Amino acid sequence: MPRFIALIPAAGTGSRMNNELPKQYLSLAGKPMIYHALHTLCLSSHIFRVFVVLAPDDHEWSRYDWSSFADKLTVKYCGGATRADSVLNGLKAMQTDGSIGKDDWILVHDAARPCLTIFQLDQLIDALALDEIGGLLAIPVADTLKRADSNQCVMGTESRNSLWQAQTPQMFRLGLLMDALSKVDSAAITDDASAIEASGLRPRLVQSDAYNFKVTYPQDLALAELVLQKRETK
Ligand code: C5P
């Protein structure tokens with residue numbers, strides 16, 4: 001039976017957060033941000049192992065105590081110049097680790113989506129475990145979409161019909177994902193599904209919700225804090 005392995009690329013600098021500290025380490029509800037996604041992934045009974053990919057010169061990780069995740073967690077200092085490079089390097093490291101096979105499912109999840117829930121994770125796994133290709137959590141676009149010119153004036157309104165916002169985890173088999181990522185221009189893609197699409201395949205969209213948003217700008221951090229606090233008090 002194929003197993004489910006999580007991979008968290010966490011080798012980015014988070015330049016849009018205007019903070020010296022890479023965003024995966026920004027304090028969120030009393031913990032470094034990456035702790036929250038790790039907690040959910042390690043808690044899931046479906047997930048066999050969790051790999052975290054850090055920048056080769058990361059000095060932050062070792063400042064914290066990760067021992068509560070020790071039974072599932074493996075850390076690799078093999079991040080690359082782009083997210084796709086970090087994911088591909090992580091997949092290669094997993095394979096040389098020996099115990100992960102090319103038919104095992106890999107769930108790639110951004111460290112910057114701290115509000116992922118076990119429910120969303122289960123929805124993804126249940127929807128895709130028997131799928132030929134795999135897919136991703138996503139939500140239908142709700143806002144009206146404007147295309148801007150270089151002066152930030154509206155050139156036109158785009159139809160939002162059939163448009164979805166991609167989230168993570170994105171779930172594909174190790175062999176397929178490695179093959180797809182090694183063939184694309186890693187600087188031109190911002191998620192894993194794009195690499196699969198470039199191979200001519202159609203990943204499935206599994207409906208998620210807005211709580212699984214990505215922390216990108218400073219105000220997102222305050223929002224994530226509120227979501228996590230509300231869950232704690234329930
Ligand atoms: O910058 P962005 O929010 O798109 O990053 C998404 C995820 O990819 C983050 O978890 C970030 O740490 C990771 N990343 C990476 N290696 C890079 C760039 C981003 O692991 N070179």
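The values are calculated or read from the model by the stated rules, or taken from the named source; none is laboratory data. Model, not experiment: these values are computed from the prediction. Methodologically, a virtual Cβ is constructed for each residue, glycine included, from the backbone with ideal geometry; neighbour enumeration extends over all protein chains shown. The area values use the complete protein model at the heavy-atom level, side chains included, leaving out ligands, DNA and RNA. Shrake-Rupley method; radii C 1.70, N 1.55, O 1.52, S 1.80 Å.
Some values worked out for this structure:
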quantity	calculated
Residue under evaluation Cys78, criteria (1) away from the ligand (no atom under 15 Å from the Cβ); (2) part of a loop (DSSP other than H, G, I, E, B), criterion not met	(1)
The listed residue being over 16 Å from the mean Cα position of the chain (by Cα) and more than 12 Å from the ligand (Cβ to nearest atom), out of Asp71, Asp58	Asp71
Count of residues meeting criterion [more than 27 Å from Leu91 (Cα to Cα) and small (Gly, Ala, Ser)] in segment 109-166	6
Given (1) open to solvent by less than 20 Å² (accessible area, probe 1.4 Å); (2) assigned to a loop (DSSP other than H, G, I, E, B); (3) more than 9 Å from the ligand (Cβ to nearest atom), index of the condition Lys102 fails	(1)
Number of the exception - Arg147 against (1) of a type in the set (Lys, Arg); (2) more than 24 Å from Pro218 (Cα to Cα); (3) outside any strand (DSSP E or B)	(3)
Criterion: more than 16 Å from the ligand (Cβ to nearest atom), closer than 23 Å to Asp179 by Cβ and either in a loop (DSSP other than H, G, I, E, B) or open to solvent by 10 Å² or more (accessible area, probe 1.4 Å) (or both) - qualifying residue of Asp110, Asp131	Asp131
Condition check for Arg147: charged (D, E, K, R), away from the ligand (no atom under 16 Å from the Cβ), modelled with pLDDT of 95 or more and loosely packed, with under 12 Cβ neighbours inside 10 Å	yes
Gln95 open to solvent by 30 Å² or more (accessible area, probe 1.4 Å), under 26 Å from Ser182 (Cβ atoms) and either within 16 Å of the ligand (Cβ to nearest atom) or touching a residue at least 40 places away in the same chain (Cβ under 8 Å) (or both)	yes
Hits in segment 27-55 - residues which are open to solvent by 10 Å² or more (accessible area, probe 1.4 Å), within 15 Å of the ligand (Cβ to nearest atom) and among the aliphatic types (A, V, I, L, M)	Ala55
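Quick grid of which residues meet (1) surrounded by fewer than 17 Cβ atoms within 10 Å (Cβ to Cβ); (2) in contact (Cβ under 8 Å) with a residue 60 or more places away in the chain; (3) away from the ligand (no atom under 15 Å from the Cβ):
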position: Trp164; (1), (2), (3): yes, no, yes
position: Pro169; (1), (2), (3): no, yes, no
position: Ala187; (1), (2), (3): yes, yes, no
position: Asp192; (1), (2), (3): no, yes, no
position: Ser199; (1), (2), (3): yes, no, yes
position: Val215; (1), (2), (3): no, yes, no
